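The values are calculated or read from the model by the stated rules, or taken from the named source; none is laboratory data. Note that the structure is predicted; figures quoted are calculated from it, not measured. Glycine also receives a Cβ, built like all others from the backbone with ideal geometry; neighbour counts cover every protein chain displayed.
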Amino acid sequence: MSESAIFLDRSKLSPRFIPEELPHREKQIKQILHVFSGAAGDPDRFPLTILQVVGVAGIGKTTTVIRSTKIIEDEFAKNRRKLKTAYINLKLQGGNKFAIYRLLLERLAPELPAQGLSAEEMLRYLLRYLRDNSQYALVVMDEIDYLIKTSKDTSIVYDLTRLNEFEPEKPCNVKGVVFIARSTDFYSRLDPAELSTLGRVPMEFSQYSLEEASDILASRCEQAFNPRAMGSDIIDQVARITTSAEVNGDVRYALDLLLYAGNLAESQGQDHVTLEHVRKVHGQTHPTITTEEIEQLSKNHVISLVAVVRALKSRKKQYVELKDVRLHADELAEQLGIKKMEVEDYLDDLKVRKLVEMRSLKEIGLHGASLAELEPVLLGRIKQ
């Protein structure tokens, strides 16, 4: 029995949860499996395959790819072969090429030391390790467009799409590299050689219709909420919000909306979620600031965001100046017992992530988020 009158298992609303069934993404899963069909049966003859997956935020790209790789791993296991998937979110875990390749080693060959190796040497050692140990791999690079837009070095695309050329006379045991992006705008930043190896035919994910969004949310609610806590009218309303131009089909925002509405109902001692709970939470929460976005931020990024929130609350204005944000960031650093930081470095990145609006150094604000709701969430993230 659940101790909550509202929730059966609230973790089922987490962006980390990958359902066994993905409603309305069966076609895309079949497409991905078709691309890699034959790999499990005769992997040494199966070529390195590059796949692009493109679509706006929150429409199931990552969950579809991860679910597909699990099925491919199972196919390899049935053939008594071992295949690992290395998933890296470049917005969360990226940086320079060296850091990314070191993560690849940690995911696929943890026994290999990365210290003292160049980026290219790490790839070479990884390929040799996989071959010597009769292991195979898939590499998934999520948010590749974010990395390309924020990094001066775009050669990661060239490196990963040409893994089979490191030792062309030997088989390449990385069977596929999947790049996930929100759009193809990053193509303009690639040089012709990188663009050639990447290819120009991505698998595009279309946005969910109202009916599809309702189906997806109903499936997730069945796992997350107690039966009487969530009515179909609530699910339909959240689906309408999700498919509106404001939210642009972002199901991750819809899951956050359901979670926060459930939390609000629970805090009020009620045993079911009402439309008023949904309206209140939606009115106070902006779709770009979701739990997943916050989880991807470093501690200094979160401190900077809290400083913006506190400056706005203190001034009671739509925009504040950089000096106001600096003041609150310094105060928070002192409270936490950490070294003061150059807050403008982190504000620039928060602007790129579209979490902070910066018209100028004298006009810094947030994209409509509720300050009262956002601050405790950010402080909780700092404590973690």
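The residues on offer are G116, G176, G199, and the sole one that is over 26 Å from the mean Cα position of the chain (by Cα) and farther than 30 Å from A239 by Cβ is G116.
Cβ-Cβ distances below 6 Å connect the following pairs, each with a first residue in the range 1-20 that is at pLDDT 90 or above, a second residue that is assigned to a loop (DSSP other than H, G, I, E, B) and of a type in the set (G, A, S), and a separation of six or more residues or different chains: I6/A229; L8/S2. Among the conditions (1) surrounded by fewer than 16 Cβ atoms within 10 Å (Cβ to Cβ); (2) under 24 Å from L350 (Cα atoms), L297 misses just one, which is (1).
For A99, are the conditions met, namely being outside the structural domain of D348 (by TED's automatic domain parsing), without any contact (Cβ under 8 Å) to a residue 60 or more places away in the chain and closer than 21 Å to L297 by Cα? Quick ask: steps written out before the conclusion?
On the way: outside the structural domain of D348 (by TED's automatic domain parsing): yes; without any contact (Cβ under 8 Å) to a residue 60 or more places away in the chain: yes; closer than 21 Å to L297 by Cα: yes.
For A99, the condition - outside the structural domain of D348 (by TED's automatic domain parsing), without any contact (Cβ under 8 Å) to a residue 60 or more places away in the chain and closer than 21 Å to L297 by Cα - is met.
Taken over the range 12-40, the residue count meeting the criterion of being surrounded by 12 or more Cβ atoms within 10 Å (Cβ to Cβ) and in contact with a helix residue (DSSP H, G or I) (Cβ under 8 Å, 6 or more places away or on another chain) is 18. Selection of first residues in the range 225-249 that are modelled with pLDDT of 90 or more and of second residues that are in a loop (DSSP other than H, G, I, E, B) and of a type in the set (S, T, Y), restricted to Cβ pairs under 8 Å at least 6 apart or on distinct chains, gives the following pairs, ordered by first then second residue: N226/S2; N226/S4; I234/T274; T242/Y208; T243/Y208; T243/S209; G249/Y208; G249/T243.
Does at least one position in the range 272-294 carry a residue that is in a helix (DSSP H, G or I), more than 29 Å from the chain's Cα centre (by Cα) and over 28 Å from E143 (Cβ atoms)? Explain how you work it out, then say what you get.
As a first pass, look at the range 272-294 and keep what is in a helix (DSSP H, G or I): 275-284, 291-294.
This time we only want the ones that are more than 29 Å from the chain's Cα centre (by Cα), so: 276.
Next cut, over 28 Å from E143 (Cβ atoms) only: 276.
Within the range 272-294 (the criterion being in a helix (DSSP H, G or I), more than 29 Å from the chain's Cα centre (by Cα) and over 28 Å from E143 (Cβ atoms)), the answer is yes, since at least one residue qualifies.
Is it the case that E121 is out of contact with any Lys or Arg (no Cβ under 7 Å at 6 or more places or on another chain), under 19 Å from E73 (Cα atoms) and surrounded by fewer than 19 Cβ atoms within 10 Å (Cβ to Cβ)? Criteria not met by E121. Would a scan of the range 64-71 turn up a residue that is at pLDDT 95 or above, surrounded by fewer than 17 Cβ atoms within 10 Å (Cβ to Cβ) and out of contact with any strand residue (DSSP E or B) (no Cβ under 9 Å at 6 or more places or on another chain)? So far as the range 64-71 goes, yes, one or more of its residues are at pLDDT 95 or above, surrounded by fewer than 17 Cβ atoms within 10 Å (Cβ to Cβ) and out of contact with any strand residue (DSSP E or B) (no Cβ under 9 Å at 6 or more places or on another chain). Taking the criterion of being closer than 13 Å to V177 by Cβ and touching a Lys or Arg at 6+ places or on another chain (Cβ under 6 Å), the only residue of the range 139-158 that qualifies is I156. Restricting the first member to the range 204-217 and to residues that are within 16 Å of I180 (Cβ to Cβ), and the second to residues that are among the charged types (D, E, K, R) and at pLDDT 95 or above, the beta-carbon pairs closer than 6 Å and six or more apart or on different chains are F205/K61. If we keep just the residues of the range 43-63 that are part of a helix (DSSP H, G or I) and more than 25 Å from the chain's Cα centre (by Cα), which is surrounded by the fewest Cβ atoms within 10 Å (Cβ to Cβ)? Only one residue fits best here, namely R45.
Take the conditions (1) at pLDDT below 95; (2) touching a strand residue (DSSP E or B) at 6+ places or on another chain (Cβ under 9 Å); (3) among the small types (G, A, S); (4) closer than 28 Å to E293 by Cα; A86 misses just one of them, which is (1). Residues in the range 227-252 that are buried (at least 19 other Cβ atoms within 10 Å of the Cβ) and among the small types (G, A, S) were compared, and the one that is farthest from E276 (Cα to Cα) is G249.
Output the residues belonging to the range 67-113 that are of a type in the set (D, E, K, R) and assigned to a helix (DSSP H, G or I). Give the steps one after another, and end with the answer.
Our first condition is that a residue be of a type in the set (D, E, K, R); within the range 67-113, this holds for 67, 70, 73-75, 78, 80-82, 84, 91, 97, 102, 106-107, 111.
Residues satisfying the conditions are R67, K70, E73, D74, E75, K78, K91, K97, R102, E106, R107.
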